[in-house]
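Peer 1: Encoded as structure tokens, here's the structure I'll be asking about.
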Amino acid sequence: MEARNERDEELVAMAKNGDRGAFEMLYERYKNRVYGFSLRMLRVRADAEEVVAETFLSVFENIYRFDEKMSFPSWLFTIARNKCLDTIRKRKKFVLFSIFSSNKEDKGIEETIAGENKGADENMDEAEIAEAVRAALSLLPFEQRTAIVLREYERMSYKEIADTMDCSINKVKILLFRAREALSRHLGPVLKEMGI
């Protein structure tokens, strides 16, 4: 069986030659990961879904620019990260409007999960812990949040994170250190319980 990165490279090469089936396979392989990343970064399902659509549209339009020196996931998550940053910038323009709105859709998937698990005490505890972590993540500066989400949720190596964020491995290590410190301050015993 071929390694996952080799398979990605083959699909990218085929997509570069106009093979839409190869692009669709890349989309199917990564759409849920990009959605999960975007939701953790933005905490709003509609925004995360929009980022997925915009990310893959950008990949489709720019696949010919893909540099084989970078792994496909690093390139893909660089695009997703930039789309998340654009979304955050748009939000800041409309912050006064959002302060006064109480749209249920904006609560995100975390509250939905917690609501579905009511009645099952241990599941509710897990949902509450997960929500506490998500809330703490949202308090981190964007770069720290990006680094920790890519490392802990996407299981990327330091090099892949550095490629995605266009920075040095040392900077990634510093960002991760600061992010973990901040999360520890916010969560304390909850993080110990989760093993983070």
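Peer 1: Confirm whether Ile148 is modelled with pLDDT under 95, surrounded by fewer than 14 Cβ atoms within 10 Å (Cβ to Cβ) and in contact with a Leu (Cβ under 8 Å, 6 or more places away or on another chain).
Peer 2: Criteria not met by Ile148.
Peer 1: In the range 31-138, which helices (runs of 4 or more DSSP H) lie fully inside it and hold 3 or more residues that are in the same structural domain as Glu10 (by TED's automatic domain parsing) and either at pLDDT 75 or above or of a type in the set (Val, Ile, Thr) (or both)?
Peer 2: Helices (runs of 4 or more DSSP H) meeting the threshold: 45-62, 72-93.
Peer 1: For a quick check of your reading of the model, give me the residue pairs whose first member lies in the range 127-149 and is in contact (Cβ under 8 Å) with a residue 24 or more places away in the chain, whose second is buried (at least 20 other Cβ atoms within 10 Å of the Cβ) and among the polar types (S, T, N, Q), with beta-carbon atoms closer than 8 Å and at least 6 apart or on different chains.
Peer 2: From the range 127-149, the pairs are Thr146/Thr164.
The values are calculated or read from the model by the stated rules, or taken from the named source; none is laboratory data. Note that the structure is a prediction, hence the values are computed from the model and not measured. Neighbour counts are summed over all protein chains in view; Cβ atoms, including those assigned to glycine, are modelled from backbone coordinates with ideal geometry.
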